[in-house]
Amino acid sequence: MFDPPMTRAQGRLCRMLGALLVGAVATALSAPDTDAGLPTTAFVGMRVIDGTGAAPQDDMVVVVRGAHISALGHRSDIDVPNGASVIDATGQVLMPGLVDLHCHYGGGRDGLANAFGIQLRFGVTTVRSLGVDGDDNLAVIAEAESGAFPAPRIYTAGIGFSAPGGLPPGLPGLHRPTSEAEAREMVRRHAERDVDLVKIWVDPTLDGSLAMGSLPRIAPEIRAAIVDEARKHALVVVAHIYEEADARQLVAAGVRHFVHAVRAQDMDPSFVQLARDNDLTFAPALSKAQDAWFIAEHLDEVLDDPGLAAAFGAGAIARLRASAAETREGMLRNDQLPQLRGVYERTQRFIDTMQDAGITVGVGSDSGAGRVAHGWGTHHEMRLLVEAGLTPLEALAAGTGNGARILEADAADFGTIAVGHVADLLLLDADPSIDIRNSRKIARVMQRGQWVEDIAPGG
């Protein structure tokens with residue numbers, strides 16, 4: 001009799017345990033034997049930003065064999081293998097593929113395939129999809145992972161959990177339990193699907209807007225039941241937060257990963273120590289937080305951005321151009337803008353404080369929600385992290401190595417440039433550690449050792 005296949009969550013747990021075992025018996029990584037004899041690419045002469053937050057290294061060589069990095073070092077220390085395809089990258093920058101911890105997808109198979117393709121072209125090679133993946137989306141994600149069409153590495157929360165009448169307002173199909181017993185049963189059914197985690201909304205507002213009043217939130221005892229049941233099924237819980245009291249209660253229940261920020265008011269200073277003691281992580285979605293006014297205040301920039309046109313679609317940009325004056329006026333007339341700007345500024349202060357305290361900050365753009373475009377939003381989020389107070393190098397680490405560790409802890413073999421890691425790489429024509437906007441100056445993208453433009457369906 002065959003054993004049932006592992007769920008995605010069980011597979012993740014096995015990878016983490018395996019990584020700990022390997023770390024206990026090995027002192028160095030090497031490229032997997034399965035890559036022996038496969039095509040080899042050598043990048044030569046460039047600056048390397050490795051995704052750990054360490055200072056960039058110049059005049060480097062990175063050798064990719066098959067899907068993995070097989071050698072890394074200064075040009076004087078690394079021999080380029082005979083027969084390798086050599087990329088003279090002098091004057092360029094090599095960095096890891098980007099990790100976006102907060103994405104949403106819709107539009108059926110064509111919509112998901114288009115969004116995934118756009119993200120890859122923007123160098124986003126890993127994504128976390130949070131809370132709106134019903135069975136149809138899960139089927140498309142499984143199809144993408146089988147190689148039917150190019151897509152990033154995908155972690156999905158399936159359908160999320162919220163209160164009846166709570167966030168997201170009016171969205172059908174969510175898990176909205178009314179008792180602890182019902183919550184546990186919903187988590188058990190959720191775990192039977194091909195999902196990696198659980199997303200819960202614990203927020204009384206939509207992005208901080210008070211226009212709808214205070215929305216219902218999941219009761220604390222039901223939240224605790226969700227977290228406890230998720231733990232039994234090896235499902236990580238990610239919580240969408242607004243108020244500090246809710247964040248503290250969720251930490252007590254066992255939640256460690258958060259999107260958005262404590263932003264109803266400035267946090268109490270003691271929250272920093274709570275975050276440090278419990279190894280909390282945050283992906284603030286600054287892009288979504290400024291969504292109410294960004295286009296209005298940067299309309300010319302938006303209309304002239306070819307990357308954004310590719311992400312939104314030429315038709316959408318043409319319609320926006322035709323209604324530019326009305327769009328600007330309508331957005332800036334929003335009577336909630338002072339409130340929303342205050343929420344945004346508190347989010348900036350929160351995330352800057354977390355970074356300064358050594359708390360793990362990741363990039364989570366909320367792409368696919370509102371007017372945050374897939375691919376573009378990931379780069380924009382790093383730009384906003386810098387505006388919030390992070391250095392460009394810290395923002396790049398947030399969008400690469402930090403994101404990978406949030407997803408896979410010590411088992412992460414992506415998100416950083418290291419021997420043995422998967423070759424998800426961006427080759428850039430300018431240095432984003434000097435100006436974060438240079439992350440958009442992409443020459444080529446490599447995913448699992450293949451150039452993105454060369455990845456064919458089924459490949």
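Placing +1 at every Lys and Arg Cβ and -1 at every Asp and Glu Cβ, with all other atoms neutral, what dipole size does the chain have around its Cα centre, in debye to the nearest 20? If you can, show how the numbers build up before the last one.
Values: 40 positive and 59 negative charges, 107 e Å.
The calculation lands at about 520 debye.
Based only on other Cβ atoms within 10 Å, what is the fewest-to-most ordering of Phe161, Phe414? If you can, show how the numbers build up before the last one.
Numbers: Phe161 27, Phe414 24.
Fewest-to-most ranking of Phe161, Phe414: Phe414, Phe161.
Given axes a ≥ b ≥ c from the Cα gyration tensor, I'd like to know whether region 321-431 is rounded (a/c under 1.5), prolate (a/b larger than b/c) or oblate.
prolate
Which of Val363, Val302, Val422 comes first, and how do the rest follow, when ranked by fewest Cβ neighbours within 10 Å? List each step's numbers first, then the result.
Numbers: Val363 32, Val302 22, Val422 27.
Lowest count first: Val302, Val422, Val363.
Can you bin region 406-459 into rounded, prolate or oblate? Criterion: square roots of the alpha carbon gyration tensor eigenvalues sorted a ≥ b ≥ c, rounded for a/c under 1.5, prolate for a/b above b/c, oblate for the rest. Provide the component values of the computation, followed by the final result.
Working: a/c = 2.36, a/b = 1.13, b/c = 2.09.
Note, shape of region 406-459 comes out oblate.
Let me spell out the model: positive unit charges on the Cβ of Lys and Arg, negative unit charges on the Cβ of Asp and Glu, origin at the Cα centre of region 304-381. What dipole size does that give, in debye rounded to 20?
Values: 8 positive and 10 negative charges, 44 e Å.
Here the size comes out at about 220 debye.
Just the number, please: percent antiparallel of the DSSP beta bridges in region 83-231, rounded to the nearest 5.
Values: 2 of 12 bridges.
Percent antiparallel among DSSP bridges in region 83-231 is about 15.
Place a point 7 Å from Cα of Leu332 in the direction of its Cβ. Which residues in region 283-298 have their backbone N less than 17 Å from it?
Within reach of a label on Leu332, which here means backbone N under 17 Å from a point 7 Å along Cα→Cβ, region 283-298 contributes 291-298.
Just want the answer: with Cβ charges of +1 for Lys and Arg and -1 for Asp and Glu, which residue in Gly330, Gly401, Ala412 is farthest toward the dipole's positive end in region 328-459?
Working it through, the farthest residue towards the positive pole turns out to be Gly330.
Measuring from a point 7 Å past the Cα of His233 along Cα-to-C-beta, which residues in region 171-190 have an amide N at less than 16 Å?
Residues passing the 16 Å test: 174-190.
Arranged by the count of other C-beta atoms within 10 angstrom, fewest first, what order do Ser365, Ser323, Ser129 take?
Lowest to highest Cβ neighbour count: Ser323, Ser129, Ser365.
Label Asn278 and Val419 with points 7 Å out from Cα along Cα→Cβ: what is the distance between them in nm?
4.0
If I model a spin label at Asp79 and Leu303 as a point 7 Å from the Cα along the Cα→Cβ vector, what separation in nanometres do I get?
Between Asp79 and Leu303, the simple spin-label model gives 6.0 nm.
Before anything else, pin down the relative contact order of the chain: Cα pairs under 8 Å, at least 6 apart, normalised by residue count, whole percent.
Values: 972 pairs, mean separation 96.0, N = 459.
Normalised by residue count, the contact order of the chain is 21 percent.
With a ≥ b ≥ c taken as the square roots of the eigenvalues of the C-alpha gyration tensor of region 289-374, please select rounded if a/c is under 1.5 and otherwise prolate if a/b is larger than b/c or oblate if it is not? Walk me through the numbers before you get to the answer.
Working: a/c = 3.05, a/b = 1.56, b/c = 1.95.
Taking the square roots of the gyration eigenvalues as a ≥ b ≥ c, region 289-374 is oblate.
Tell me the relative contact order for region 386-458 as a rounded percent, counting alpha carbon contacts under 8 Å between residues six or more apart.
Values: 82 pairs, mean separation 17.6, N = 73.
So the answer I get is 24 percent.
With a point put 7 Å past each Cα toward its Cβ, work out how far Asp59 is from Ala409 in nm, to one decimal.
It works out to 4.2 nm between the two label points.
Does a label point 7 Å from the Cα of Asp454, set along Cα-to-beta-carbon, have any residues of region 136-164 with amide nitrogen under 18 Å, and which are they?
150-151
Taken together, the values in this text are just the output of simple stated rules run on the coordinates, not laboratory data. Owing to the predicted nature of the structure, the values given are computational and were not obtained by experimental measurement. Every residue, glycine among them, receives a Cβ derived from its backbone with ideal geometry; neighbour counts consider all protein chains shown.
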